1. Please go through the stretch 135-161 and pick out each residue that is surrounded by 14 or more Cβ atoms within 10 Å (Cβ to Cβ), closer than 17 Å to Ala72 by Cβ and among the hydrophobic types (A, V, I, L, M, F, W, C).
2. Restricting attention to the stretch 11-19, does a residue exist that is under 29 Å from Lys140 (Cβ atoms), under 21 Å from the mean Cα position of the chain (by Cα) and of a type outside the set (Ser, Thr, Tyr)?
3. Quick one: is Arg86 basic (Lys, Arg) and either at pLDDT 90 or above or touching a strand residue (DSSP E or B) at 6+ places or on another chain (Cβ under 6 Å) (or both)?
4. Is it true that Leu164 is modelled with pLDDT under 80, surrounded by 12 or more Cβ atoms within 10 Å (Cβ to Cβ) and assigned to a loop (DSSP other than H, G, I, E, B)?
5. For Tyr38, indicate whether it is more than 27 Å from Glu139 (Cα to Cα) and surrounded by 10 or more Cβ atoms within 10 Å (Cβ to Cβ).
6. Conditions: (1) open to solvent by 60 Å² or more (accessible area, probe 1.4 Å); (2) in contact (Cβ under 8 Å) with a residue 40 or more places away in the chain; (3) not aromatic (Phe, Trp, Tyr). Gln59 meets all but one. Number of the miss?
Amino acid sequence: MKSAAVPSYASQTDAVLLAAMQAGDETAFAELYKRYSYPLFNVAYGKLKNREVAEELVQDLFENLWSKRTTAQIEQLGSYLFSALRYRIINYIKSEKVRTSYELFCRLHLNEADTGTEAAVALNDLNEALTAGMQHLSEKAQEVFRLSRLEQYTIPEISVRVNLSEKTVEYHLRKSLKLMRRYLRNFLLLLWPFWFFM
């Protein structure tokens, strides 16, 4: 007697594929990527008009989905993915505004003859310091730092979003700020007047 044929992954519902992915099924994950990556890319590209950045945001989203597959609370996968992408787009736009403001500050406050070179060097150094600092934070501390300093959430709001007590959020924030200050201390005097323009 022949066994019943197993339906192909392409014919499975999101819920079935999500459950399989959460159990570690890479083929189910690949099917979800195939199903959603292009629509997500279209949304990101439509907002940012930058193909490389749009692709990077979608890749990061799926890497995060896989790495958190056993802990993420997902009810409707489509809604979850598009909402997560929206936050990534917002964060990218905010970071670009900060970078643009910093470049403007450098142009206004540095000698005109040195502006291009000095601003480029200073911006590059700042980006390297930020990257180095963030890499030394735990994943949870990075999330708390991002929500507090980049997205301007309050400690109670962060507590709800990351499912931690307010005391734990405060601990992560204190620890991350201390570390980030150490990595950015060379820029504090330069950036002090800049914050008045923010």
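1. Leu147
2. Within the stretch 11-19 (the criterion being under 29 Å from Lys140 (Cβ atoms), under 21 Å from the mean Cα position of the chain (by Cα) and of a type outside the set (Ser, Thr, Tyr)), the answer is no, since none of the residues qualifies.
3. When the stated conditions are applied, Arg86 passes them.
4. Working: modelled with pLDDT under 80: no; surrounded by 12 or more Cβ atoms within 10 Å (Cβ to Cβ): yes; assigned to a loop (DSSP other than H, G, I, E, B): yes.
Taking the combined requirement at face value, the residue does not satisfy it.
5. yes
6. (2)
The values are calculated or read from the model by the stated rules, or taken from the named source; none is laboratory data. None of the values given here were measured: they were computed from a predicted structure. Positions of Cβ are generated from backbone atoms using ideal geometry, with glycine treated the same way; all protein chains shown enter the neighbour counts. Note: accessible area is taken over every heavy atom of the protein model, side chains too, but ligands, DNA and RNA are not part of it. Shrake-Rupley method; radii C 1.70, N 1.55, O 1.52, S 1.80 Å.
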